[in-house]
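Where a number appears in this text, it was derived from the coordinates with a stated rule and is not lab data. Just so it is clear, the structure is predicted and the values come from calculations on it, not from any experiment. Cβ sites come from the backbone with ideal geometry, for glycine too, and all protein chains shown count toward neighbours.
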Amino acid sequence: MRTEQDTLTIMPNRLQAKQGEVIDRSTTIRFTFDGREYSAHPGDTVASALTAAGVKVLSRSFKYHRPRGLLCCAGHCPNCLVQIGDEPNVRACTRPVEAGMEVQAQNVWPSLKRDLLSLTELGSRFMPVGFYYKTFIRPQKLWPLYEHTLRHAAGLGEAHIDTPPGEFDKQYLHTDVVVAGGGPAGISAALTAAEAGAQVLLFDENPTLGGHLRFTIPLESPSSTEVSKDSPELLEAVNQQPNITVFTDTSVLGWYQDNWLCAVKGTRLLKIRTKSMVVATGAYEMPLIFDNNDLPGVMLGGAVQRLVHLFGVLPGKQVVIVTANEDGWDLAADLHSLGVNVAAIVDEREPNACASPYRDGLVNAGVPVFYRHIILEAIGSSAVRGVMIARLDEHSKISRVTTQSLQCDLIVTSIGWTPATELAYMAGGKSEYNSDRAEILPVSTPPGIYVVGRAAGIHVVDSQITEAQQAGSNAAAFAGFGEFDEAAAQSPGVIEPRRTSDRVCVPGNKKRFVCYCEDVTDQDVETAIAEGYDSIELLKRYSTISMGPCQGAMCSMNTIHLCARANGSTVQETGTTTARPPITPVTLGALAGQNMEPVQITPIHQWHLDHSADMMVAGLWLRPNHYGNPVAEALCVRNRVGLIDVSPLGKLQLTGPGVPELLERIYINQWRNLRAGRVRYGVMCNDEGVVLNDGVCAHLRDDTWYMTTTSTGATTVFEWLQWWLQSGWGEGVHLTDLTDNYSAFNVAGPQSRAVLEKLTDRNLANKAFPYMRIRSARIAGVLCRLLRIGFTGELSYEVHCPSGYAVHVWEALMDAGREFGIAPFGVEAQRILRLEKGHIIVGQDTDAMSDPLSANMAWAVKLDKPDFLGKPSLMRIFAEGPKQLLVGFKMVEPDVVPAEGLQIVVPEMDGQLEIIGWVTSSRFSPTLEEVIGLCWLPTEIASQNGTSFSIRMDGHIAEARVHHGAFYDPDGERLRM
Amino acid sequence: MSIQLIRQAFSGDRPPPKMWRSHELKEQYDVVIIGGGAHGLACAYYLAKEHGITNVAVLEKSYIGAGGSGRNTAIIRSNYLTPEGVRFYDESVKLYEQLSAELNFNVMFSQRGHLTLAHTDGGVNTMRRRAEVNQIEGVNSRLIFPDEIKSLCPYLDVSDHPRYPILAALYHPPGGIIRHDAVVWGYAHQADVRGIHIHQNTAVTGIEVQDGKATGVETTRGCIKTGTVLNATAGWASTITTMVGLQLPLITIPLQACVTEPLKPFLDVVVVSGSLHVYISQTDRGELVMGASVDPFSSYSMAGSLTFLEGIAGHVLELFPSLSHVRILRQWAGICEMPPDYSPIMGFTPVDGFLIDVGWGTYGFKASPIAGKTLAELIATGKTPTLIAPFRLSRFEENNLVGEKGAAAVGH
């Protein structure tokens, strides 16, 4: 049994238990940090547990490897980034600690405590901002070596190669009102909107609602209201309200067009469509820039309050509070009441400017107060040992003669806030610099977007609540619930006692960090501006300020102040950089969710596997490449009969009176005259006259048409048709994608009719069912669409059957064919057969430049049609004539198969090769016992049958000859048998 | 250690030298370049350096490099599909190789190798075709297979499990990444040193044309007389050509990209997959920079979409399944203007004195030095250099397109 005393030894900074804390002191769990074991209570974050144990240094900085400790404790700054197992760049201050967790410091060598990379700081004089642009230029040969060193010194956490993929998913939400942020303002807005009848989603990034009320003394305004400021009461009201759904531990990542929001809760991505939105995302506390302001032990006020109230952890024993407004006094009173030694309050204002209700109490209790004083420097090497302060003279200049040092182990700065308004700006909100408050505040938002609470610059809880109620009521009204509260539009603005200090930087003679992520100092900012990087955007890109993990949360406002000052312009003129999603970094896993692109298989897949098919990826599908011997499969089709699974073909059904007109416009050939029961080969082109896709289209009956597309182009054609249907050609056309609903097989070969006749009553005689016709037919009892077409050059039938019966029909065909020697054939045999027949494959034999004229499909182009896609381009192409042609060839040497993609060349005088064409398809033809292929050649060469040309193969040249017409059955007699 | 840095280190309070200065707008310039990106600034630099033409204004409506030059994914390569394209980009790569020394500014060109993955046998054929064209044109590219791919990029999943198996890749060793902003700043500095006026925050509102000849440019800061205007505004090019009444075969489409938090180096090569619409590289700072194909709709919006982020995350994890815990830090978009054949349009127009350097789609940044250099030559000599003759505007009327879709669509 562990005693209280033990706990104190292992967690020396733990305070006595008190109300409101989120840790469970009855249990102690263990975890490791950098190999050492530490204790924690459930509810602790990694950082709170380490702070309880007295650990001050959590990371090393990016450039100089300076020790860094907890700064914001709110998940915003980079100072507590650690590696936890396989997960890099975890914010230790928000990640709940788990038993057995292995936490590692990042980017240190050899260890966090003694990081030799910190020696880089010795050379920092030679490494000003952008130093890498000015060095390593000569000798050029050495740059790869320098780069290697730079790369290995940079980077934070590690991506481990064996990290398992993890499980992630997505949730879609639709709502009336989204409230982002669950502090007093957000809760009040949510309650009001919900009471008006709106469905409300309330998001907060913390484990519980309450916002700053969870860890601060609520700030009273002089005028009292009846509104309850009590966090538990607000929470109770939320629980009672059925129209509110609360998502805690959930960060809203961004606003996208049409109020499409994205949030993340652990491994789940939330995608939310809302009618209106209330932004109640609070504010980032601004750090102060002074000598050694990055020393572990310098913290923001909010960080200390979080540690004390949520986790019962006090990060120091002797505290100096540096402030410029009442926030610091609140903190002092808070700490003092807990018995903490407040060593001094350093306030830059005159005594009479301080309106804190706690002032007299603190002074009477003997807390030393330094008015008109400012911090100069944090003293210490790896942790705060003291502080240097100095007096401000009557011109607000630092009087260096008054410099004095105070002993302390914790410096808390509390100088003001940067409203967290990214969501409002992404949605189109505008901001202005308010010089009285020294904050950039939202001044206008698009309809349906409201900003409340600290995000709107309101700090007094009463005012937060009343303004939020108005916003909530208007957000509900915008969504259609209740009336608009016009008062909100004319709200005179609340008198705010808080003012953020615009003295963001105290000059000195050591390093003062503006940007913690990238180790950028105020000196760096000045240098960059002097060099000409004087706009906020150029400054950002050159200094990399605000481009690190904090994305400007800590540094953007200070940078704007510094930039304005250096340029002698105003904050308003300086402006801000663009807010870009995600507001909080989000994992690739959460964004990806579950894999929604499964491998597509046909209903016959298992049969193929059972019959030793070698499967290949074809577009989105897995298809049998062959069943052991593709040449034998091809010969079986030529001599007997074969069966191929062509289910991946795109199958689109078009119905309605507008279909013929649509087809006339989409295809280059004629459609109006196609009678019911007939099938026609069709070619589609884009505006440039380039062949997009080909396939057949059948006129089933009356207004019903059935289109097939290439397997790989199925999705593209569907989207292409949708595009045109939605762009004005949709009148009288209904489009349905039947690709998955129907399976398709091709029975090919001289015996194919005999096989089918065994399975159907339909008259298949050539006269009754000629080439290029479609018929409905029961095959093995299943109603199928039967198309007499083929790609192989043999008599063949394409059987389209409902996918549910596919296996039955397939097996029936195989059984019926047994006596005729049927064999299944795969993609490879089909490619051989079609090449023998000279049929092209769009996408293989054509590319993004191939028009139908040069691809030998001139016969399909009907330029006399009134209009169709690609017509203007094709008219010009026809007028000019083709510059090159797709043409067949035979190799001179019988056993040389040139790989597809090889180039056709002509040697030039200087030994160089000139490219004149390329090989698109090539195979050994088992029927002809020759090597045949298709290639692109200049028209003058291609148009002469038998002309020889050279193909570059593995460095040598192989000879080939142009071959006109199909290699096999050029007159197409076998198709029409 | 450069002299510059040593001087800066001991300069005390003296401010460092300015990279570029501000000027009043003059009444007349010999050449006005619209667009202060890498192309416009490179052209200005080569005009001054190689042709002694220094009475030149570069007009930028925002800050230099605000457009595509600062928004691209900084990939440099020359493994194109057409001989014309390969020759042109190869010259660009050669200029990039010397650029740090040329500009005395380290643009950090990192020739770490470029892999274009093939996931289908059709894809393998296309890669073979590119490798062959590249080799014939003297560019280092070859087809490699999973074992070698794995050794170049151990984090890639080359097993046969994924949806998109990796069957082969086009390996292009001279390809790599660069610090894109540095290219802009380096050219701007050297142009400024040679007396060229760079006018930031100066938007063009009109172009004066008299008798079919460009005579002046109207800006938000006043009018300028000039006989030569170069439109080098990439994504906004058609808004400028409209001012002289020209309609170009261009569509305007956003292109998106994103970046992760920094990681220790693990990805040495640039990896591109056309089938998955993704390209990914790791910067010297450790961030993964990733991009996709252009958006499906025409727009000038640079807001970026969630669909893009979700899509690219899924596709990156297809290739690199161990990266699921890596976090995206920010996303952004740029604007592209795409011609039908995915090749640029450079040179003369029917309006005398109005030249174009447009149609740069998704492949403009990597051509900056050679585009600037050849256009400077064209301006100085009045003759179109052979290297860019195939990219003339009249090719559309002549039906002489330079089809680069197969290598440029997702081939950044």
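For the protein assembly as shown, the antiparallel share of DSSP beta bridges with both residues in that region comes to about 70%. What is the Rg over Rh value, at two decimals, for the range A:627-835, using alpha-carbon atoms and the Kirkwood definition of Rh? Result: Rg/Rh = 0.98. The range A:287-415 has equivalent-ellipsoid semi-axes of 21, 19, 12 Å, by the square roots of 5 times the alpha carbon gyration tensor eigenvalues, sorted largest first. The relative contact order of chain A, computed from alpha carbon pairs under 8 Å that lie at least 6 residues apart in sequence, is 9 percent.
Sequence-ordered 3J(HN,Hα) estimates for the range B:357-369 from the Karplus curve with 6.51, -1.76 and 1.60 and θ = phi - 60° stand at 9, 9, x, 7, x, 10, 9, x, 4, 5, 9, 3, x Hz, glycine and proline given as x.
From its DSSP helices (H runs of at least four residues, each -39,500 (n - 2.57)), the protein assembly as shown gives a residue-normalised ellipticity at 222 nm of -7000 deg cm²/dmol. Which one of B:184, B:271, B:312 is farthest out on the positive end of the charge dipole of chain B, using unit charges on Cβ (Lys, Arg +1; Asp, Glu -1) and the Cα centre as origin? Toward the positive end, the furthest listed residue is B:184. The residue A:403 and residue B:10 beta-carbon pair, evaluated with R₀ = 25 Å, returns a calculated FRET efficiency of approximately 0.35. Antiparallel beta bridges, as assigned by DSSP with both residues in the range A:627-835, represent about 95 percent of the total such bridges. The Rg/Rh ratio of the range B:1-122, with both radii computed over alpha carbons and Rh defined as the Kirkwood radius, is 1.05. Fewest-first ordering of A:599, A:298 by other beta carbons within 10 Å of each residue's beta carbon gives A:599, A:298.
Annotation: amide H of residue A:136 within the under-5 Å range of B:2, sequence separation 5 or more or interchain, hydrogens built in the peptide plane.
Rg of the Cα atoms in the range A:513-586, relative to 2.2 N^0.38 Å, amounts to 1.02. Across the options B:203, B:38, A:906, the greatest Cα extent toward the positive end of the charge dipole of the protein assembly as shown (unit charges at beta carbon of Lys, Arg, Asp, Glu) belongs to A:906. Simple point charges give the picture: +1 on the Cβ of Lys and Arg, -1 on the Cβ of Asp and Glu, and for the range A:883-970 a dipole about the Cα centre of about 240 debye. In terms of overall dimensions, the range B:35-92 has a Cα radius of gyration and Dmax of 14.0, 38 angstrom.
Averaged over peptide B:388-398, the number of partner chain Cβ atoms lying within 10 Å of each residue's Cβ comes to 1. Sorting the segments A:517-524, A:184-191 by their residues' average number of neighbouring beta-carbon atoms within 10 angstrom, most packed first, yields A:184-191, A:517-524. When only Cα pairs below 8 angstrom with a gap of at least 6 residues are kept, the range A:883-970 shows a relative contact order of 37 percent.
Here the range A:627-835 is treated with +1 on each Lys and Arg Cβ and -1 on each Asp and Glu Cβ, and its dipole about the Cα centre works out to around 880 debye.
Considering only alpha-carbon pairs that sit under 8 angstrom and 6 or more positions apart, the relative contact order computed for the range A:513-586 is 31 percent. DSSP beta bridges fully contained in chain B are about 70 percent antiparallel.
Classify the range A:883-970 as rounded, prolate or oblate from the Cα gyration tensor: take a ≥ b ≥ c as the square roots of its eigenvalues, call it rounded if a/c is under 1.5, otherwise prolate when a/b beats b/c and oblate if not. In terms of gyration-tensor shape, oblate.
Cross-link partners of residue A:275 among aspartates and glutamates, defined as those whose alpha carbon lies under 16 angstrom from its own and excluding same-chain residues fewer than eight positions apart: A:176, A:258, A:483.
The trypsin sites (Lys or Arg not before Pro) of the range B:355-406 that meet both conditions, a loop assignment by DSSP and at most 11 other Cβ atoms within 10 Å of the site Cβ, are B:383.
The slack in the chain from residue A:773 to residue A:940, taken as 0.36 nm per residue of separation less the alpha-carbon distance, amounts to 56.3 nm. Per residue of peptide A:844-854, the mean number of Cβ atoms on other chains within 10 Å of the residue Cβ is 3. This ranking places A:64, A:516 by how few other beta-carbon atoms lie within 10 Å of each, fewest first, which gives A:64, A:516. For the range A:614-660, the square roots a ≥ b ≥ c of the C-alpha gyration tensor eigenvalues yield an a/c of 1.5 or more together with a/b not exceeding b/c, which makes the shape oblate.
Dimensions of chain B along the principal axes, based on C-alpha atoms and rounded to the nearest Å, stand at 66, 62, 41, largest first.
With neighbours defined as other Cβ atoms within 10 Å of a residue's Cβ, the residues A:526, A:37 order from fewest to most as A:37, A:526.
Counting only residues at least eight positions apart within a chain, or on another chain, the lysines with an alpha carbon under 19 Å from that of residue A:265 are A:170. Set the Cα radius of gyration of the protein assembly as shown against 2.2 N^0.38 Å, with N its number of residues, and you get 1.02.
Peptide B:368-378 shows a mean partner chain C-beta count of 0 within 10 Å per residue C-beta. Between the range A:312-338 and the range A:907-977, how far is it from one alpha carbon centroid to the other, in angstrom? Comparing the Cα centres of the range A:312-338 and the range A:907-977, I get a distance of 85 Å.
Between residue A:337 and residue A:109, the FRET efficiency estimated from the beta carbon spacing at R0 = 41 angstrom works out to 0.40.
Among A:647, A:69, A:744, which residue has its Cα positioned farthest towards the positive end of the charge dipole of the protein assembly as shown, with +1 placed on the Cβ of Lys and Arg, -1 on the Cβ of Asp and Glu, and the dipole taken about the Cα centre? With unit charges placed on the Cβ atoms, the residue in question is A:69. When Rg and the Kirkwood radius Rh are both evaluated on Cα atoms of the range A:4-122, their ratio Rg/Rh stands at 0.99.
Dipole size of the protein assembly as shown about its Cα centre, with +1 on Lys/Arg Cβ and -1 on Asp/Glu Cβ: approximately 1220 debye, rounded to the nearest 20.
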